[in-house]
Amino acid sequence: MRYDIFIEQDYLVEILAKLLATPSPTGMTDEIVGLVCEELKDLDIPFE
């Protein structure tokens, strides 16, 4: 199954840069998880 979706490239690069710049050594992922959760909330994407 193939989906044709539009991904805003500038947004993707911005978010990826933010994630890659966030320290998240093994076992210390609270900050990166928080960033991901905030993005999901902003996009109205449900998560647990």
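Structure notes:
- Integer Hz, Karplus 6.51/-1.76/1.60 couplings in order for the stretch 39-48, x for Gly and Pro: 5, 4, 4, 4, 8, 6, 9, x, 7, 10
- Note on residue 26 and residue 47: with the Förster distance fixed at 30 Å, the Cβ-Cβ geometry gives a FRET efficiency of about 0.85.
- Formal net charge of residues neighbouring residue 12 (Cβ-Cβ distance under 13 Å; K, R +1; D, E -1): -3
- Over the chain, dividing the summed -39,500 (n - 2.57) contributions of all DSSP H runs of at least 4 residues by the number of residues returns a 222 nm mean residue ellipticity of -16500 deg cm²/dmol.
- Correct choice for percent of Cα pairs over 14 Å apart that was computed from the model, options (i) 36; (ii) 57; (iii) 63: (iii)
Read-outs throughout are calculated quantities, based only on the coordinates presented, and are distinct from any laboratory measurement. For clarity, every value in this text was computed on a predicted model and none was experimentally measured. When we count neighbours, we look across all protein chains shown, and the Cβ atoms used for this are built from the backbone with ideal geometry, even at glycine.
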